[in-house]
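The values are calculated or read from the model by the stated rules, or taken from the named source; none is laboratory data. Owing to the predicted nature of the structure, the values given are computational and were not obtained by experimental measurement. Using ideal geometry, Cβ is built from the backbone for each residue, glycine included, and neighbour counts are taken over all protein chains shown.
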């Protein structure tokens, strides 16, 4: 979806879709074989020299029509046939995967804060204090002061980052066909059956869990500086290749992962990145739903 964290939902959906496609393909091939029985030699439309290779090749099909025509099903490069996943499946996949990601983040946080200080080679490292500070996940307070102005400053930076990410995404959708294709394909599957209230769950839960893991846990452990932000961003982006989104979406996810990492480091507060991520998810997902549903109602 426009929500970059969509792999949290796609993990649970793509395996279900793949199983259904293979089962449907097997059914079609079995029907073809049974029609040939009792006629001696089957009359295949394929030349003899390629008949065997065709019969052994599994081709995804679409059986939406009542005639005997077999239409190739949609592939990642052909998004014309897209089926929206059931709402309950989307929500369950989101809740399950977000819970797993948040749990991994907590395990890394606890392990790092427990064992890093006991490592002699790191005990005198100047970055250890920074690492441990970032791993505390303090509430929004970019400075040592807890005055209201510091909280407002953090919130302002988070909102500005969300606006920047959303604007950049809209520009890329208009200028980068591959990115638009992959985004629409993913959005159609995940957001197609969701209500505005459902969107809040799908936007907020991954936004929280992914920031706690990729920014709040990985950056301090890898390297509490821009190097760690880049590495965690690359890891974040690589997990967005699945679900038919491809390299265009993964490249975008890597870039915004680095941006969220920079926000985390500049404020010293992982919750700033959480707010920015969630806001961007909500706005981008809402724009997609409103645009596509309003467009379909006028056809």
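Being more than 17 Å from the chain's Cα centre (by Cα), surrounded by 22 or more Cβ atoms within 10 Å (Cβ to Cβ), under 30 Å from residue 267 (Cα atoms) and at pLDDT 95 or above is a property that does not hold for residue 203.
Is it the case, given these coordinates, that residue 268 is modelled with pLDDT under 95 and either farther than 20 Å from residue 158 by Cα or touching a strand residue (DSSP E or B) at 6+ places or on another chain (Cβ under 6 Å) (or both)? Before you say what the answer is, go through the steps one by one.
Details: modelled with pLDDT under 95: yes; either farther than 20 Å from residue 158 by Cα or touching a strand residue (DSSP E or B) at 6+ places or on another chain (Cβ under 6 Å) (or both): no.
The answer is no for residue 268.
Identify, from the list 221, 258, the residue that is under 18 Å from residue 102 (Cα atoms), in contact (Cβ under 8 Å) with a residue 24 or more places away in the chain and surrounded by fewer than 21 Cβ atoms within 10 Å (Cβ to Cβ). Please lay out each step first, then the result.
On the way: 258 fails: under 18 Å from residue 102 (Cα atoms).
Testing whether each residue is under 18 Å from residue 102 (Cα atoms), in contact (Cβ under 8 Å) with a residue 24 or more places away in the chain and surrounded by fewer than 21 Cβ atoms within 10 Å (Cβ to Cβ) leaves just 221.
Among the numbered conditions (1) touching a helix residue (DSSP H, G or I) at 6+ places or on another chain (Cβ under 8 Å); (2) within 28 Å of residue 95 (Cβ to Cβ), the only one that residue 178 does not meet is (2).
Put simply, of 281, 242, 193, 187 the only residue that is outside any helix (DSSP H, G or I), touching a residue at least 24 places away in the same chain (Cβ under 8 Å) and under 13 Å from the mean Cα position of the chain (by Cα) is 242. Evaluated against (1) part of a helix (DSSP H, G or I); (2) farther than 26 Å from residue 193 by Cα; (3) over 15 Å from the mean Cα position of the chain (by Cα), residue 224 falls short on exactly one condition, (1). Scanning the range 101-148 for residues that are at pLDDT below 85 and outside any loop (DSSP other than H, G, I, E, B) yields 120, 121, 122, 123, 148.
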